[in-house]
Amino acid sequence: MNIYVLVKQVPATDKVKIDESTGTMKREEVEAVINPLDLYAIETSLQIKEMYEGKTSITAISMGPPKAEEVLKEAISMGCDRGILLSDRAFAGADTWATSYTIGKLIKRLEPFSLIITGERATDGETGQVGPSLAGQLDLPIVTYTSRILEINDSYAILERETEEGTETLKMKLPGVISVTKAIGEPRLPTLKGKIKARNTKIEIFDLEKLGVTNEEVGLLGSLTRVVKVFYPKISRTGRRIKVKDPEEAVSYIIEFLQERGIL
Amino acid sequence: MSREVVILGEVRKGKIHSVTYELLAWGKDLSDKLKTRLSALILGYNLGDLEEVIYYGADKVYYLEHPRLDNFNPEVYAEVLVPFIKEIAPDIILAGATTTGRTIMPYLAGKLKAGLTADCTSLDIEEETGLLLQTRPAIGGNVLATIKTPSSKPQMATVRPKGKKPLERDTNRTGEIKIIKPSIDLNSRIERINFKPREEEVSLVDAEVVISGGKGLKDPRNISLLFDISKLIDSSAVGASRAIVDMGWIEYPHQVGLSGKTVNPKVYIAFGISGAVQHLAGMMNSESIIAINKDPEAPIFQVADLGIVGDALEILSTLKRKLEERKNNV
């Protein structure tokens, strides 16, 4: 069984600095990490490898600058078999549609597969749209918010999905796409053997030419949405700001505020 | 050309869900500015309360009815919606950023080759062009970005549940309800074989008062104080910043913010939360806000009606004691 796991390199979110003149992120100053929620996607693929009776090959796929190789190496150190990086200046600035399109083009060129697995969303863009958009573009079935894999074989998977109302048990014919939540289980740590393997594995790079697409189809040019402006929110209420001398004083203000609104 | 604004309603447990009415309030702002019709798309089976959708602001309801639309299945939904959307060719489609909306919207956008913006916190119309301006937190919630879809239609967006109050229910409002019974021949590759409903563990989104904590509470052991106070205030619930959820001090269902829940209670009280855009996105529409933080420059103060510069932990313990005293004196 072939499994493709999509992973993304993201800035460590708490430390992002913005260039206020251009409204863009100062990427060079920010530490880049694997999207924490993608670790659960990798974990899911490794659980399936353990459950499935035949041979399983797991390929981690990412799109980003050459440096994003690091996250594929990390995926291999956890137990993935192979890493492919979509990397070309022309891919830059892609929105979720163009990102899904580019990944879709790659997947169509690779061997047939049973499952594509994504995390719930990336912690930088926070959209969670690439998995479902890719499924839509490739006309594959999708199960989002997957919390458990109950059974998987060559023709179908039985999965649990968490919604606002409860837990659905779904049977999905393969090939298909799933996005997984943290409920899938704690991601395992890289092993020493895995780290050695990661060091010795060459990450395959697909650029514009190797992917066989044109400039206009991908990146900013292939995107349907455009960022018009980026700004710090200027939200302010005409509130009072009080520096209190002791907690008692603070509490009296809070209680008065709650009483005025009929809470207490 | 029709410049219809369409909202994709949501049905839960055989009833039209309130997020539908919130979407109508979002859509109404846009359809008024565009001087066009606001329509609601409702998928389901055996639904009764369709006129409610009119009372809450829709000019027209497209009710797509079929037994197979009783539960959400992205493939079956897309089978019906893709040709229908192509037929009515709306300008704008809005849906809730719920598990359903966040699945079907990108799935449809992928099939329709339509631009889609997730989790918007405000929507507007650009005067010169009539295009949808979609604003959402970006880059890990550190800034806001305004996004548009310049040259393709429909322009699609999801908005956070509880991000806006429904319009006043008006039974004098009139509109057209169009019932459509599509034939569905699709042999779906997804089949629902069981469903286990869940008890709502935290009614955070419905609480009148939200008592939230952040890193200013210093130690995971102090989180219990939030719950103690919540027990002393009627109709209240406990919220949290992403920071303390990530550190494992409190469970994820309590998280308020872009990657958690959006709330708009009567009073939101933030103890020791600095107020990253990520967090503000989930609570800044509260009716009133109290913020307690020792840093007078903390961004949370920009949204507060009452800002107290002081030690959040000390104030929290004192508040608990005072509320207990009040309770005992009654």
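The values are calculated or read from the model by the stated rules, or taken from the named source; none is laboratory data. Quantities reported herein were computed from a predicted structural model and do not represent experimental measurements. Methodologically, a virtual Cβ is constructed for each residue, glycine included, from the backbone with ideal geometry; neighbour enumeration extends over all protein chains shown.
Annotations
- Matching residues in the range A:201-220 - criterion: being out of contact with any Gly (no Cβ under 8 Å at 6 or more places or on another chain) and of a type outside the set (S, T, N, Q): A:Lys202, A:Ile205, A:Phe206, A:Asp207, A:Leu208, A:Glu209, A:Lys210, A:Leu211, A:Gly212, A:Val213, A:Glu217, A:Val218
- Selection from the range B:133-149 of residues that are of a type in the set (Lys, Arg) and at the interface with another protein chain (Cβ under 7 Å from one of its Cβ atoms): B:Lys148
- Among the residues making up the range B:311-322, those that are facing chain A (nearest Cβ under 8 Å) and either in contact with a His (Cβ under 9 Å, 6 or more places away or on another chain) or not acidic (Asp, Glu) (or both) are B:Ile315, B:Ser317, B:Thr318, B:Leu319, B:Lys322.
Yes/no matrix, rows are residues, columns are (1) out of contact with any helix residue (DSSP H, G or I) (no Cβ under 8 Å at 6 or more places or on another chain); (2) among the hydroxyl-bearing types (Ser, Thr, Tyr); (3) on the phi < 0 side of the Ramachandran plot; (4) modelled with pLDDT of 95 or more:
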residue: B:Gly115; (1), (2), (3), (4): no, no, yes, yes
residue: B:Ser151; (1), (2), (3), (4): yes, yes, yes, no
residue: B:Pro154; (1), (2), (3), (4): no, no, yes, yes
residue: B:Lys162; (1), (2), (3), (4): no, no, no, no
residue: B:Glu176; (1), (2), (3), (4): yes, no, yes, yes
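- Any hit, the range B:135-144, residues being part of a loop (DSSP other than H, G, I, E, B) and either over 21 Å from A:Leu37 (Cα atoms) or among the small types (Gly, Ala, Ser) (or both): yes
- Condition broken by B:Ala138, with the remaining ones in (1) free of Cβ contacts under 8 Å to residues at least 24 places away in the same chain; (2) more than 22 Å from the chain's Cα centre (by Cα); (3) closer than 26 Å to A:Ser179 by Cβ satisfied: (2)
- 1 or more residues under 30 Å from B:Glu65 (Cα atoms) and touching a residue at least 24 places away in the same chain (Cβ under 8 Å): qualifying strands (runs of 3 or more DSSP E) within the range B:163-222: B:176-180, B:190-197
- Sole exception among (1) surrounded by fewer than 24 Cβ atoms within 10 Å (Cβ to Cβ); (2) over 30 Å from A:Leu140 (Cβ atoms); (3) aliphatic (A, V, I, L, M) for B:Ile269, by number: (1)
- When restricted to residues that are among the basic types (Lys, Arg), within 7 Å of another protein chain (Cβ to nearest Cβ) and within 30 Å of B:Gln155 (Cβ to Cβ), the range A:207-264 contains 2.
- Members of the range B:150-163 found to be within 12 Å of chain A (Cβ to nearest Cβ) and of a type in the set (A, V, I, L, M), listed by number: B:Met156, B:Ala157
- When B:Gly275 is tested against (1) away from every other protein chain (no Cβ under 14 Å); (2) surrounded by 13 or more Cβ atoms within 10 Å (Cβ to Cβ); (3) in a loop (DSSP other than H, G, I, E, B); (4) not basic (Lys, Arg), just one condition goes unmet, and that condition is (1).
- The residues in the range B:24-50 that are without any contact (Cβ under 8 Å) to a residue 12 or more places away in the chain and either of a type in the set (Asp, Glu) or touching a strand residue (DSSP E or B) at 6+ places or on another chain (Cβ under 6 Å) (or both) can be counted, and the count is 1.
- Taking the range A:149-166 as the range and being in a strand (DSSP E or B), within 14 Å of chain B (Cβ to nearest Cβ) and β-branched (Val, Ile, Thr) as the test, only A:Ile158 passes.
- Lone qualifier among A:Glu248, A:Glu164 - being among the acidic types (Asp, Glu), under 22 Å from the mean Cα position of the chain (by Cα) and within 30 Å of B:Asp234 (Cα to Cα): A:Glu164
- Test result for B:Arg12, closer than 30 Å to A:Val177 by Cα, surrounded by fewer than 24 Cβ atoms within 10 Å (Cβ to Cβ) and not hydroxyl-bearing (Ser, Thr, Tyr): yes
- Subset of the range B:247-272 (residues that are within 16 Å of B:Ala298 (Cβ to Cβ), within 11 Å of chain A (Cβ to nearest Cβ) and touching a Leu at 6+ places or on another chain (Cβ under 7 Å)): B:Phe271
Residue-wise test of (1) loosely packed, with under 13 Cβ neighbours inside 10 Å; (2) in contact (Cβ under 8 Å) with a residue 60 or more places away in the chain; (3) of a type in the set (Gly, Ala, Ser).
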{"residue": "A:Lys210", "(1), (2), (3)": "no, no, no"}
{"residue": "A:Asn215", "(1), (2), (3)": "no, yes, no"}
{"residue": "A:Val218", "(1), (2), (3)": "no, yes, no"}
{"residue": "A:Gly222", "(1), (2), (3)": "no, yes, yes"}
{"residue": "A:Val228", "(1), (2), (3)": "no, no, no"}
{"residue": "A:Tyr232", "(1), (2), (3)": "no, yes, no"}
{"residue": "A:Arg241", "(1), (2), (3)": "no, no, no"}
{"residue": "A:Val244", "(1), (2), (3)": "no, no, no"}
{"residue": "A:Pro247", "(1), (2), (3)": "no, no, no"}
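- Within the range B:204-215, restricting attention to residues that are within 14 Å of chain A (Cβ to nearest Cβ) and in contact with a strand residue (DSSP E or B) (Cβ under 6 Å, 6 or more places away or on another chain), the residue that is surrounded by the fewest Cβ atoms within 10 Å (Cβ to Cβ) is B:Val205.
- Of all residues in the range B:81-93, none satisfies being surrounded by 22 or more Cβ atoms within 10 Å (Cβ to Cβ), of a type in the set (Phe, Trp, Tyr) and modelled with pLDDT of 95 or more.
- Set B:Ile244, B:Ile308, B:Ile289: member being buried (at least 17 other Cβ atoms within 10 Å of the Cβ), more than 11 Å from chain A (Cβ to nearest Cβ) and at pLDDT 90 or above: B:Ile244
Matching residues to (1) within 11 Å of chain A (Cβ to nearest Cβ); (2) under 22 Å from the mean Cα position of the chain (by Cα); (3) at pLDDT 95 or above:
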position: B:Tyr56; (1), (2), (3): no, yes, yes
position: B:Glu65; (1), (2), (3): no, no, yes
position: B:Leu69; (1), (2), (3): no, no, yes
position: B:Pro74; (1), (2), (3): yes, yes, yes
position: B:Ala78; (1), (2), (3): yes, no, yes
position: B:Glu126; (1), (2), (3): yes, no, yes
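- Some residue of the range B:163-173 being among the basic types (Lys, Arg), under 23 Å from B:Thr100 (Cα atoms) and in contact with a Ser or Thr (Cβ under 9 Å, 6 or more places away or on another chain): no
- Those residues of the range A:169-222 which are within 19 Å of A:Glu111 (Cβ to Cβ) and small (Gly, Ala, Ser), in sequence order: A:Gly176, A:Gly212
- Complete set of residues in the range B:164-193 that are surrounded by 12 or more Cβ atoms within 10 Å (Cβ to Cβ), within 14 Å of another protein chain (Cβ to nearest Cβ) and touching a strand residue (DSSP E or B) at 6+ places or on another chain (Cβ under 9 Å): B:Ser188, B:Arg189, B:Ile190, B:Glu191, B:Arg192
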